[in-house]
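Let me begin by presenting the structure, written as structure tokens, before commenting on it.
The values are calculated or read from the model by the stated rules, or taken from the named source; none is laboratory data. Not measured: the values here are computed from a predicted model. Cβ placement follows ideal geometry from the backbone for every residue including glycine, while neighbour counts extend to all protein chains displayed.
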Amino acid sequence: MLLAPIPILAIPEAIGLGPYLALAAVLFVSGLLTMMVKRNAIGILMGVELVLNAANVNLVACNHFVWSRAVMGVGTVGEGTLGEAASGANAGPRLDGQIFALFVIVLAASEAAVALAIFLNYYNNFSTIDVERGSQLKG
Amino acid sequence: MNPFAAQFFSELDATALAQKGLFYLCATICLLAAAGVVASRNVIHMAVSLLFTLLGVAGLYFLLNAEFLAAVQLVIYAGGTLILIIFGVMLTSKSPLSQFQPRRWEVIVGGVTAGVLLVGIWLALKSSLPELMRTPGVTAPATGPQYPVRDLGQALLGDYLLPFELASVLLLVVMIGAAYLAKGRRRVEDAPPA
């Protein structure tokens, strides 16, 4: 286990924030590696999706473990309670991380649509999807 | 029953155990599929691996009590974006199994960069995590707060109304832009004589 203070068989400890962050780090790095190694433009797009998913896991996990509890007064972050800073109109749990994740999903979908349109155009002009062949602006 | 086992079972919390097991299941699926995305040479195989990564991330959302987000992940990512990518694969290659071999130095540079970044993130996590773990919320019991969809909708139409509306404008722009870009522009030499 990478994060030493979390033994697998220590039953009373539930899963904390650490394993989620570690998993997101590995997802991010594999996405980055995909972007760097692949020469197929659509493979690069898949790497971008992996990176965005890693960011989303971070956002939702931090919202669950830190932010929402801190605002509800269960816990504190750093020096003081964050409750006053973020008390909104509704008394329910704050969902900022989840909302950010929703927007990231929307942006990822739009980005994939535009990128695929560009790749189609590229393929029409160069008859290949290899990104190294596109070294001129006007096809 | 020996005392160790007795203590083990007396401390056994079924919810925490199930949560832990499900987390490691989803994490394993995610990591193996992400490794498949990195390692596979075939674009279709990469897309299938990406599908399993997205499913694993949706499972993680379920474990984090974010059911609505898990459903959105399944519907939009696994159902929409991935299908779009697969259409892109099929439209941009003469044979869908075409593949490009990365050069050796590209693999070396990428691997070194990724390794350095991973070690850096791990060190940062390791140095900051004990402090983070001391906050009471982080080591909370398995049954966390529930996030009703009603709260999500109220936040979306309350504090986040402007980004919400901007997202609709963005989607319109993307639709028009993608349709314009993907419309087969006829080349000059292909144009019929006037």
Quick one: which residue in A:A61, A:A86, A:A24 is over 24 Å from B:F100 (Cβ atoms), more than 7 Å from chain B (Cβ to nearest Cβ) and either surrounded by 24 or more Cβ atoms within 10 Å (Cβ to Cβ) or at pLDDT 95 or above (or both)? A:A24
Within segment B:100-131, track down each residue that is acidic (D, E) and within 18 Å of A:V131 (Cβ to Cβ). B:E106
Search result, residues across segment B:41-66 that are of a type in the set (A, V, I, L, M), without any contact (Cβ under 8 Å) to a residue 40 or more places away in the chain and more than 8 Å from chain A (Cβ to nearest Cβ): B:V48, B:L51, B:L55, B:A58
When restricted to B:V116, B:V38, B:V75, the only residue more than 7 Å from chain A (Cβ to nearest Cβ), modelled with pLDDT of 90 or more and more than 19 Å from A:L102 (Cβ to Cβ) is B:V116
Hey, could you check segment B:68-95 for residues that are touching a residue at least 40 places away in the same chain (Cβ under 8 Å) and assigned to a helix (DSSP H, G or I) and say which is farthest from B:A18 (Cα to Cα)? B:V89
(1) closer than 23 Å to B:A179 by Cα; (2) facing another protein chain (nearest Cβ under 7 Å); (3) modelled with pLDDT of 85 or more; (4) in contact with a helix residue (DSSP H, G or I) (Cβ under 7 Å, 6 or more places away or on another chain): which one isn't true of A:V104, the others all being true? (2)
For segment B:48-61, does any single residue satisfy the condition of being modelled with pLDDT under 90 and either under 30 Å from B:T92 (Cβ atoms) or among the aromatic types (F, W, Y) (or both)? no
Quick one: is B:L25 of a type in the set (A, V, I, L, M), out of contact with any helix residue (DSSP H, G or I) (no Cβ under 6 Å at 6 or more places or on another chain), free of Cβ contacts under 8 Å to residues at least 60 places away in the same chain and within 7 Å of chain A (Cβ to nearest Cβ)? no
